[in-house]
């Protein structure tokens, strides 16, 4: 009986509540946008901008990524992000915030955030997919 209680206590310590947030301008029509640009986060040594761009491509969007100074002239949508990583025997992504803006006006079109305070359970790719799918519909041809 004691071992079961110890196991349950450890399980409670290792689990956490995930929270997510999503906001999207009702007038934002991502299906009509021609070129998305994912901005590199200055402190991102893990190449998350490439993973985010790859997921958007898999959803059917035309995407490039890099430093803001490299934004193509035909880009009409800017995707920026902030990531938070923790280390607890391994390094893992604990929070991802994404903002989508109109390139010309700078207006925020959408934002999404996912926070998971506990180790394990969610891979970086899965977390990126959750955040993107909350605001981007899969593009139809």
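Observations on the model:
- Residue under evaluation residue 75, criteria (1) in contact with a helix residue (DSSP H, G or I) (Cβ under 9 Å, 6 or more places away or on another chain); (2) buried (at least 16 other Cβ atoms within 10 Å of the Cβ); (3) not in a helix (DSSP H, G or I), criterion not met: (1)
- Restricting attention to the stretch 108-137 and to residues that are outside any strand (DSSP E or B) and within 17 Å of residue 34 (Cβ to Cβ), the residue that is modelled with the highest pLDDT turns out to be 136.
- The residue that is farthest from residue 57 (Cα to Cα), among those in the stretch 1-28 that are in a loop (DSSP other than H, G, I, E, B) and modelled with pLDDT under 65, is 1.
- Qualifying residue in the stretch 29-50 (condition: surrounded by fewer than 19 Cβ atoms within 10 Å (Cβ to Cβ), modelled with pLDDT of 95 or more and part of a helix (DSSP H, G or I)): yes
- Candidate set from the stretch 52-67 (those that are touching a strand residue (DSSP E or B) at 6+ places or on another chain (Cβ under 9 Å) and either modelled with pLDDT under 85 or surrounded by fewer than 18 Cβ atoms within 10 Å (Cβ to Cβ) (or both)); member that is farthest from residue 85 (Cα to Cα): 62
- Of residues in the stretch 85-106 being loosely packed, with under 15 Cβ neighbours inside 10 Å and more than 16 Å from residue 39 (Cα to Cα), the one modelled with the highest pLDDT: 105
The values are calculated or read from the model by the stated rules, or taken from the named source; none is laboratory data. Here the structure is a predicted model, which is why all the values come from computation and not from measurement. Note that each Cβ is placed from the backbone with ideal geometry, even for glycine, and that neighbours are counted across all protein chains shown.
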